[in-house]
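Here's the structure, in structure tokens; my notes come after.
The values are calculated or read from the model by the stated rules, or taken from the named source; none is laboratory data. Keep in mind that what you see is a predicted model, and the values were worked out from it rather than measured. Please note: Cβ atoms are built from the backbone with ideal geometry, for glycine as well, and neighbour counts cover all protein chains shown.
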Amino acid sequence: MVEDLLTDSRDREAAVNTFDRNIFLAAGAGSGKTRVLVDRYVKMLEDDLAGVPEIVAITFTEKAAAEMRKRIRLRCTEKIDSLGHDEEQRRKWERHRCNLESAPISTIHSLCTRLLKENPVAAGIDPGFNVLDETQARMLLTETVEEFFVRRLTEDPDTAPAALASLVAEYGALTLLKVLSMALSDAELCSEWLDVARSPQELAEQWHEAAFSMAATALPLLLATQRVRDALNTVCFVEPLDESDKLAQLRDTALEPARTLSASGNFSPDKLTAAIGLSGLRAPGNAGAAAKWPSAEELAKMRESLRVLSQAFKPLDALREEHFAGGSFQRCAQQTALLMDELRLIHCEFQNTKKAQSLLSFDDLQLSAHAMLKSSPATRQRYQEKFRQVMVDEFQDTSRLQTEIAWMLAGSANGCQEPPAGRLFVVGDAKQSIYRFRGADVTVFNSTRDAFDKSPTARVFHLSANFRSQPSLLEFFNESFSDPALMGTDPCRPAYEVFYEPLDPSPDRPESVVPPVHVQVVRSAVNRGEEEPEDGDSELLSLSVLREWEGDALARRIQDLVGSGTKVYDRDARQLRPVCYGDIAILFRSMTDASLYERALRLSNVPYYIEAGRGFFQRLEIVDILSILQHLERPDDAFHLAAVLRCPCVAISDVTLYWLSTGRGLLANFHRIGRGEIPDEMPLSEPELEKLQFAATAFGRLRSIKNRLPLSRLIEEVLNATGMTAVLLTQFNGERAAANLRKLTEVAREVERSGLFSLQDFIRHLDDLRLEEERESEAAVEEEGGNVVRILTIHKSKGLQFPVVILPDLLRGKQWRQVAPVMLSRTHGIICKVRDGRGTRVYPGVTQLFHDDEAQRDLAESRRLLYVGMTRAGDHLLLSGAHCTRGTRQPKPEETWMGWISSAVELGLFATDSQRVREDKTPSSSVSVRCDILPVEGEVPFRRTGRHHPPLAGEMTTALQNGEPLSNAPPDAALQRRISSISPDWSALRTLSVTQLLRYMRCPHHFYLRNLEGIPDMPVGPQEAALSKGNRLSAAERGTLIHRVLQAVSLTGSASIPQAVADSLAEIVQRPDDLLRRAEMELLQVAEHFLRSAVVEWLEEVDTQSVELPFSCLVGDYVVEGIIDWGGETSGVLTHLLDYKTGKDLSTEKKAEYQFQLGLYAHALELAGNTLRRAGIYFVDENRLEEFDVHSSVRHSVEMTVEACGRISDGNFAPCPGEHCAFCQQAWACSDRE
């Protein structure tokens, strides 16, 4: 048999037949763990070790539970059919098959519901409780939080709770509401961290203890890494020739801590103290002279070692005592204590609301079942006697609470101790733990595995044979994830990390697609404009354009695979066959930009089906129904009316919408037409008028009945009254769109069953789901299971497999969950950000360690998510991404999935801009990998556009069908007006930046093209050639780097120069080393000159300093915005203003621009109540400070602004031809240039 030839056959057999030990089965991807589960289950039935009602099987999803029950039922049927005339055995297996209908094979939530229904008294709950699904629980929570929040603030505004008022002042009401809802939606977080009130001092002490404990755990792992050990040895044993050398002095500061850390022995407090001492070590940069060291090699080695130690121990700087006494840390504790007090009150309110209505959420089910089992020994013992075996599938996706429930059912007294031998079987794969956002904790898996490995009553087995993927593809997986860039094979790592265990091929799995892996990168150099952005208005080519190119390339690749007859392995027929569309899956990490790829498939006629992510609530037909419901609820909202009139069921043209918006306005004109009044001033065609009258009648009727119908019936009436379903069925993918509308009706029906929510609540809920990327698949249609490409998230693909897998957008940057001003962590609790001395929100002191730890946990899960996505492939894996090689704001390749893969198998994709990897060959990988670099050339394959409604074409078609002459169609003038593009509405522009004003004053036409038409700047002449070669920084990049260095140095002085330069250069992506060295030398020189310039006098005159000061002020009818580089305050009033300028153009025109700019800055500051004493510009390249008398120019700057704004309102955008046109970056788009 094939099973006997498997590399893991012994472990596989032992996992099925070992019943005197608790079993932990670590099963790799595609290793057939479900079959082992079923085999063990059937084996217990066969040997009469347990009956069906005595075996608890906990699965991750209801679908998995149904599949397991189906397989066991099939095995029972096979047993019955093979027994012949043995009636006793036949009755036994028939009884087992019959009992499967009520068998405890379910998700943890269903199991907890069952326990609570059977023991309501012991659980202390209403026997008739109802379970809220996620949607209902979220809506009830939002309603409770908002009502409580408003009541607390409005019951008596004069005596509003100081704590809540303080939080609102700090974070704003909307942000605070979101934070409260996010925190309370995690019941386990609340139960653990809101159990008792904590004072600020208690919180601070708790954080202090937790931080040192975390450091004590992490330090041995850090010291075990080879890089750190080598660096410590170098510092200890490589000595300089001259102690006066700057690098030697830096080495002296690190020497004693390095000796302590290098000493043998276990962890000690002295080692932690030494590590904290190294946390302040600054990076060496280029310090050190070759003549003062034994050799150039040892000099370089010392620099690298000190750099490694500086980076490795820098996080421990938060453990220094001065941080605990700092004002920011104390404010953080105070703010967090206030927030936790409010959360405790609202949590109590929420629990009382649910209790009064006999409602339990999914989290409540687990918490209540856990509490019941723990507090009621009699109930716990009864179930321990009833259940003889507890089996847990997908153990890597369980939380600690869920684990304790399973352990207590299996015989543990408190859920923390291992159950008695032979009662427990768990299976999972730590590398596939990807549900941290739902509470899954991979540390539970790792700690359980370690405990079972050491326990005499337990065994740990491994499944490494993979039945899914062809051997060469497995070889690529093994090579990739064995590298530390992705996972590595070293078990010595933090508890939240996993180590990789190689997968082995199945002996009967043949090779198929060659090469098994195809890597393609759409690459484009983004050359930013040479003009320095003066107030943060930097201009970058959007990555979405490259994603459009990538989508087009993927669509063509899919067509090539299908059209060329590429062979894949058919598991049922056990032979190779041509690939079809149904064999292909596109797996996204995030569905944020999936619409770009979807559009490419549609335009290439590739059939597809969106299964998850934003595949439902973001669909246009769902958004259209949401717009209609919003219009019915708020008929006086012009925005929603406009959206409704553009829906397919009305489909008025853009021209009609324009005319409706003129005169009395959209709402008034629409109601006039509804009353039969035809406005003479609007040249509307008869068909357009009929559409508007139809809409007025239909929506008027719907408004009259909306309050008398349940939600689902109202949506049905909307569909009937508008004919939306019929209209959609005539469009592309119409059948699926119609199915989505039916599904929306079912969603409404599920919501209304609780009887808790109004139409307004439902509208808000749908809108929230749309914005929050709720994971909801589209409605199924017949073609879902047919020959179509499937589009889904990697999370949704868990447990699935496909012959061909495409992972797109692999150069997308980091995606961390912690983006709110409050950290919500089950590990570290609830921690508030507070503002530092510069006004920036930070996690002060040790709380930054906790935040960094959360980020590392997210990063570790990101690696696991990539593993899950890649291992779904059976025959062919296509890895794709879009890469910008310019621009400091683009994600660094080494921080992306594609970068990790390239580093792990040494593809060399991002070594230099000019490097090209040849097809069918990689530099070091032993697996054949096809690599394609696809340059962006020619026109963009497609552009994102809105819906296209060609009313003119429809009218002309009708005329032809009726046999009418085309002369009845609109005359040429009307035709030209209706098919021409609509110019930007500059009269609606009411906010301008200082940079935009200066641009308009230089050339109004340039301003029009760049800021109103949105046409990107393009470098010209020598600038373009130099930038395209990548051998120089653009002026914008250089200016940005210099600004950041000067801002840091002005605040912290000379000691921060090397670190400020290093931090700034870290943002430059993929540049040659010599360019980075030149840039580093220039920045160091600039910083030193700055601190020796006349600016120092200004720094000494002020009490406090601020950088990057945003401002906005009203000038006439316009709001003018900008960012001031540096400001100094005296006695709480801003008195000094400084701007940095690079470049050497100090012509009269430039000085006039600077005077104008500073005048506007001064005007804004004076409006804010400041008294400006000094204002000037520091010219970086000349190391010169020039002071300006801005008081005399404020009035002139305001007058010039008012004049420019008036000309913009009048539509004055005439070009200003001159010598500057030769260097204009809009020259390529300007039709007026000479």
Item to check | Meets criteria (in contact with a Ser or Thr (Cβ under 6 Å, 6 or more places away or on another chain) and within 23 Å of ARG138 (Cβ to Cβ)) for ALA738 | outcome: no
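Residues are listed down the side, and each one gets a yes or a no for (1) hydrophobic (A, V, I, L, M, F, W, C); (2) in contact with a His (Cβ under 8 Å, 6 or more places away or on another chain); (3) buried (at least 19 other Cβ atoms within 10 Å of the Cβ):
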{"residue": "GLU297", "(1), (2), (3)": "no, no, no"}
{"residue": "SER310", "(1), (2), (3)": "no, no, yes"}
{"residue": "ARG331", "(1), (2), (3)": "no, no, no"}
{"residue": "MET372", "(1), (2), (3)": "yes, no, yes"}
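On the given criteria, is ALA413 outside the structural domain of SER590 (by TED's automatic domain parsing), among the hydrophobic types (A, V, I, L, M, F, W, C), part of a loop (DSSP other than H, G, I, E, B) and buried (at least 16 other Cβ atoms within 10 Å of the Cβ)?
On the way: outside the structural domain of SER590 (by TED's automatic domain parsing): yes; among the hydrophobic types (A, V, I, L, M, F, W, C): yes; part of a loop (DSSP other than H, G, I, E, B): yes; buried (at least 16 other Cβ atoms within 10 Å of the Cβ): no.
So ALA413 fails the test.
Inside segment 1089-1124, can you point out the residues that are acidic (Asp, Glu) and modelled with pLDDT under 85? Quick ask: steps written out before the conclusion?
Of the residues in segment 1089-1124, the ones acidic (Asp, Glu) are 1097, 1100-1101, 1103, 1108, 1117, 1121.
Selection gives GLU1100, ASP1103, GLU1108, ASP1117.
Do you know which of the residues in segment 118-154 that are among the charged types (D, E, K, R) and in contact (Cβ under 8 Å) with a residue 12 or more places away in the chain is farthest from THR379 (Cα to Cα)?
Step one: list which residues in segment 118-154 are among the charged types (D, E, K, R), which gives 118, 126, 133-134, 138, 143, 146-147, 151-152.
With the extra rule that they be in contact (Cβ under 8 Å) with a residue 12 or more places away in the chain, the set shrinks to 126, 133-134, 138, 143, 146, 152.
Working: ASP126: 17, ASP133: 27, GLU134: 29, ARG138: 32, GLU143: 36, GLU146: 39, ARG152: 41 Å.
Top of the filtered list is ARG152.
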Next on the checklist: Tell me whether segment 444-452 contains one or more residues that are charged (D, E, K, R) and closer than 21 Å to GLN366 by Cβ.
Outcome noted: no
Item to check | Candidate set from segment 1013-1030 (those that are crowded, with 17+ Cβ neighbours inside 10 Å and part of a helix (DSSP H, G or I)); member that is modelled with the lowest pLDDT | outcome: LEU1027
Checklist outcome for this item: Only one of ALA430, ALA410, ALA421, ALA406 is more than 24 Å from ALA371 (Cβ to Cβ) and touching a strand residue (DSSP E or B) at 6+ places or on another chain (Cβ under 7 Å), namely ALA421
Item to check | Top-ranked residue in segment 876-920 [being of a type in the set (D, E, K, R) and more than 22 Å from the chain's Cα centre (by Cα); ranked as modelled with the highest pLDDT] | outcome: GLU906
Next on the checklist: List the helices (runs of 4 or more DSSP H) inside segment 160-254, counting only whole elements, that have at least 3 residues being β-branched (Val, Ile, Thr).
Outcome noted: 226-237
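Would you mind finding the one in ARG259, ARG198, ARG251 that is under 33 Å from the mean Cα position of the chain (by Cα) and of a type in the set (Lys, Arg)? Don't jump to the end; show me each part of the working.
Numbers: ARG259 fails: under 33 Å from the mean Cα position of the chain (by Cα); ARG251 fails: under 33 Å from the mean Cα position of the chain (by Cα).
When all the criteria are applied, what remains is ARG198.
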Item to check | Residue count, segment 238-261 (criterion: surrounded by 17 or more Cβ atoms within 10 Å (Cβ to Cβ) and without any contact (Cβ under 8 Å) to a residue 40 or more places away in the chain) | outcome: 3
Checklist entry - Given ALA283, ALA300, ALA371, ALA290, which one is touching a Leu at 6+ places or on another chain (Cβ under 7 Å) and of a type in the set (Gly, Ala, Ser)? => result ALA290
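Is there a residue being at pLDDT below 75 and either surrounded by 16 or more Cβ atoms within 10 Å (Cβ to Cβ) or under 21 Å from the mean Cα position of the chain (by Cα) (or both) anywhere in segment 801-815? Walk me through it before giving the result.
If we filter segment 801-815 for residues that are at pLDDT below 75, which is where we start, we get 814-815.
If we keep only those that are either surrounded by 16 or more Cβ atoms within 10 Å (Cβ to Cβ) or under 21 Å from the mean Cα position of the chain (by Cα) (or both) as well, we get 814-815.
So far as segment 801-815 goes, yes, one or more of its residues are at pLDDT below 75 and either surrounded by 16 or more Cβ atoms within 10 Å (Cβ to Cβ) or under 21 Å from the mean Cα position of the chain (by Cα) (or both).
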Checklist entry - Looking at ARG835, ARG775, which one is modelled with pLDDT of 80 or more and of a type in the set (D, E, K, R)? => result ARG835
Next on the checklist: For segment 504-526, which positions are modelled with pLDDT of 90 or more and either within 27 Å of PRO893 (Cβ to Cβ) or not assigned by TED's automatic domain parsing to the domain that holds TRP549 (or both)?
Outcome noted: PRO516, VAL517, HIS518, VAL519, GLN520, VAL521
Next on the checklist: Conditions first: (1) out of contact with any Leu (no Cβ under 8 Å at 6 or more places or on another chain); (2) among the charged types (D, E, K, R); (3) within 30 Å of SER604 (Cα to Cα). GLU688 passes all but one, so which condition is the exception?
Outcome noted: (3)
Checklist outcome for this item: Expected single match for aliphatic (A, V, I, L, M) and touching a Ser or Thr at 6+ places or on another chain (Cβ under 7 Å) among LEU345, LEU338, LEU309 is LEU338
Item to check | Failed item in (1) polar (S, T, N, Q); (2) closer than 30 Å to ASP593 by Cβ; (3) at pLDDT 90 or above, with ASN466 passing the rest | outcome: (2)
Checklist entry - If ARG1071 passes every condition in (1) surrounded by fewer than 18 Cβ atoms within 10 Å (Cβ to Cβ); (2) at pLDDT below 80; (3) part of a loop (DSSP other than H, G, I, E, B) but one, which one does it miss? => result (1)
Item to check | Residues of segment 384-428 satisfying the condition of being among the small types (Gly, Ala, Ser) and in contact with a His (Cβ under 8 Å, 6 or more places away or on another chain) | outcome: GLY415
Next on the checklist: Cβ-Cβ distance below 6 Å, separation of 6 or more or different chains: which pairs start in segment 347-366 with a residue that is farther than 16 Å from GLU146 by Cα and end on one that is of a type in the set (Phe, Trp, Tyr) and crowded, with 20+ Cβ neighbours inside 10 Å?
Outcome noted: SER358/PHE129; LEU360/PHE129
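Output the residues belonging to segment 156-205 that are acidic (Asp, Glu), exposed (fewer than 15 other Cβ atoms within 10 Å of the Cβ) and within 23 Å of GLY439 (Cβ to Cβ). Even if it seems obvious, please write down each step before you answer.
First, pick out the residues of segment 156-205 that are acidic (Asp, Glu): 156, 158, 170, 186, 188, 192, 195, 202, 205.
Next cut, exposed (fewer than 15 other Cβ atoms within 10 Å of the Cβ) only: 156, 158, 192, 195, 202, 205.
Matches in segment 156-205: GLU192, ASP195.
Do we find that THR77 is loosely packed, with under 15 Cβ neighbours inside 10 Å, touching a helix residue (DSSP H, G or I) at 6+ places or on another chain (Cβ under 7 Å) and not assigned by TED's automatic domain parsing to the domain that holds GLU746 in this structure?
Numbers: loosely packed, with under 15 Cβ neighbours inside 10 Å: yes; touching a helix residue (DSSP H, G or I) at 6+ places or on another chain (Cβ under 7 Å): yes; not assigned by TED's automatic domain parsing to the domain that holds GLU746: yes.
Taking the combined requirement at face value, the residue satisfies it.
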